[in-house]
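Okay, so here's the structure we're looking at.
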Amino acid sequence: WGGLGHVTTAFVASNFVANTTEAYLKQLLGSQDADYMAKVASWADSIRYTQWGRFTKNFHFIDAHDSPPEDCNVDFERDCKEGGCVITALANYTQQSVDPSLPAWRRAQAAKFVIHFVGDLHQPLHNEDVARGGNGIHVLWNGRDFNLHHVWDSSITEKWLGMRGRKPYQWAEKWSADLTKKINSGIYADEKDDWLADLDFGNPEETALAWSRECNKLVCQYVFPEGPKAIAGKELSGDYYEKAAPMLEKQVARAGYRMAAWLDKIVDQYL
Ligand code: DCM
Ligand code: DCM
Ligand code: DCM
Ligand code: ZN
Ligand code: ZN
């Protein structure tokens, strides 16, 4: 996701974490502000192009070598790169975040990675190999040239909110309040328990894989419904957008709700 998606998932999560989780994370992250999670949600993107952060660049996605739209699937052995992927990264930083032998700054950094990678794991094109997750496919958005990955990271959700200008932060807070309502008593209320059905803190890799597989299915249904070639050069801000946007909103809600549950497990285990 771009900034809007990451910040929104973190704000949603902050609305669902237990009080002990909130208190612990506020202390660990060194902030007593309401946006203690939101303000670190994009940190992992800010360091991935730096020299020291280069090792994390493949941690944001898993390249599913499947063949949409006929066949969508994720195979860990086949798809997780040698140097790691979002599945191993989430498992790894979860482990570091509960490791009492690590200093607080390392556990804080691990928590920031967890907050970011739970988000990325819910973006369909972060669970797909085709054209490097859509980065190599040119499409049109309001008549202008964009790559498909960017459309799914940012353009669809920005249009959904009617967002203007370059300030995603306030939009994210507003959107998260709306999603929190939808989860508590709106359209997601009946399914929110199912969102946690695959959550197994004893097996972080399997949990991440289950979420990845669910998200990868959306590549066949919504990203490439007629295959990757059919989409090249097409205008996506019309019918394509109309189908994609509600699904993508649900992915953001799911990511935030699961992030809260996962952070609760981390803090329970550590304390
Ligand atoms: N980003 C950032 N700093 C950088 C590079 C990227 O804050 N040096 C942010 C801006 C985009 C987002 O990362 O919104 C793109 O994330 P990804 O490329 O992981 O989808
Ligand atoms: N941070 C960092 N390196 C960066 C940006 C941020 O280590 N390039 C850390 C500092 C804080 C946290 O992320 O612990 C939040 O940063 P900020 O206050 O800049 O949002
Ligand atoms: N990305 C992806 N799958 C890939 C390569 C990249 O999902 N195989 C994501 C990571 C960033 C965005 O696409 O969010 C841009 O990546 P880069 O800056 O590495 O081109
Ligand atoms: Zn992305
Ligand atoms: Zn990322």
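What number results when the radius of gyration of segment 129-271, computed over Cα atoms, is divided by 2.2 N^0.38 Å?
1.16
GNM remark for the chain: springs join alpha carbons under 10 Å apart, and the peak mean-square fluctuation among Trp175, Trp152, Trp52 falls on Trp52. Using a simple spin-label model with pseudo-atoms 7 Å out from Cα toward Cβ, Lys167 and Asn19 lie 3.4 nm apart.
Dividing the helix sum by the residues of the chain, where each DSSP H run of 4 or more adds -39500 (n - 2.57), gives a mean residue ellipticity at 222 nm of -16500 deg cm²/dmol. Grouping the Cα pair distances of segment 133-187 into 5 Å bins from zero gives a pair-distance distribution of 4, 17, 21, 20, 15, 13, 8, 2, 0 percent in increasing distance order. Each principal axis of the Cα cloud of segment 99-172 was evaluated for its coordinate range; sorted largest first, these ranges are 53, 32, 15 Å.
So how tilted is helix 204-218 from the main axis of the chain? Cα-based, degrees 0 to 90, rounded to 10. Here the helix axis deviates by roughly 20 degrees. In terms of the mean number of neighbouring beta-carbon atoms within 10 Å, the peptides 28-35, 85-92 order highest first as 85-92, 28-35.
Principal-axis analysis of the Cα atoms of the chain puts helix 104-120 at an angle of about 30° to the longest axis. According to the Cα-based calculation, Rg over Rh for segment 25-88 is 1.14, with Rh computed by the Kirkwood formula.
Restricting the GluC sites (Glu not before Pro) of segment 9-81 to loop positions (DSSP other than H, G, I, E, B) with no more than 16 neighbouring Cβ atoms within 10 Å leaves Glu70. Cα extents for the chain along the principal axes, largest to smallest and rounded to whole angstrom: 52, 39, 39. A Förster distance of 30 Å, applied to the separation of the beta-carbon atoms of Ile47 and Asp198, puts the FRET efficiency at 0.55. In the elastic network of the chain, a GNM with C-alpha springs shorter than 10 Å, the most mobile of Ala197, Ala172, Ala232 is Ala197. For segment 1-128, the alpha carbon positions stretch 48, 29, 26 Å along the principal axes, listed from largest to smallest. Filter the chymotrypsin sites (Phe, Trp or Tyr not before Pro) in segment 185-271 down to the DSSP loop ones having no more than 16 other Cβ atoms within 10 Å, then list what survives. Sites meeting the loop and neighbour criteria: Phe201. Each part reduced to its alpha carbon centroid, segment 187-248 and segment 123-170 end up 15 Å apart. Qualifying trypsin sites (Lys or Arg not before Pro) in segment 77-176, where qualification requires a DSSP coil assignment and no more than 16 other C-beta atoms within 10 Å, comprise Lys81, Arg164, Arg166.
For segment 1-46, the relative contact order comes to 54 percent (Cα pairs under 8 Å, sequence separation of at least 6).
Axis angle, to the nearest 10 degrees, between helix 86-97 and the longest C-alpha principal axis of the chain: 10 degrees. Projected label points at Ala232 and Asp35, each 7 Å from Cα along the beta carbon direction, are separated by 4.1 nanometres.
Taking R0 as 35 Å, what FRET efficiency do you get between Phe55 and Ser185 from their Cβ-Cβ distance, rounded to the nearest 0.05?
On the way: r = 43 Å, r/R0 = 1.23.
About 0.25, to the nearest 0.05.
Applying 0.36 nm per residue to the separation of Glu77 and Glu242 and subtracting their alpha-carbon distance, the gain on full extension is 55.9 nm. Round to the nearest 0.05 the FRET efficiency obtained for Leu102 and Glu70 when R0 = 41 Å and r is the Cβ-Cβ distance. E(calc), rounded to 0.05, equals 0.35. Full extension of the chain between Glu206 and Lys174 gives 8.2 nm of extra length, using 0.36 nm per residue less the Cα-Cα distance. Cross-link pairs exceeding 19 Å in C-alpha to C-alpha distance, out of Lys174/Lys265; Lys159/Lys243; Lys26/Lys192, comprise Lys174/Lys265; Lys26/Lys192. A dipole drawn for the chain from +1 and -1 charges on Cβ atoms has a positive end, and of Tyr93, Ser212, Gln51 the residue lying farthest that way is Gln51.
Any read-out appearing in this document is the output of simple, stated calculations on the displayed coordinates, not a laboratory observation. All values derive from a computational prediction rather than experimental measurement. In this analysis, Cβ positions are derived from the backbone assuming ideal geometry, glycine residues included, and neighbour counts consider all displayed protein chains.
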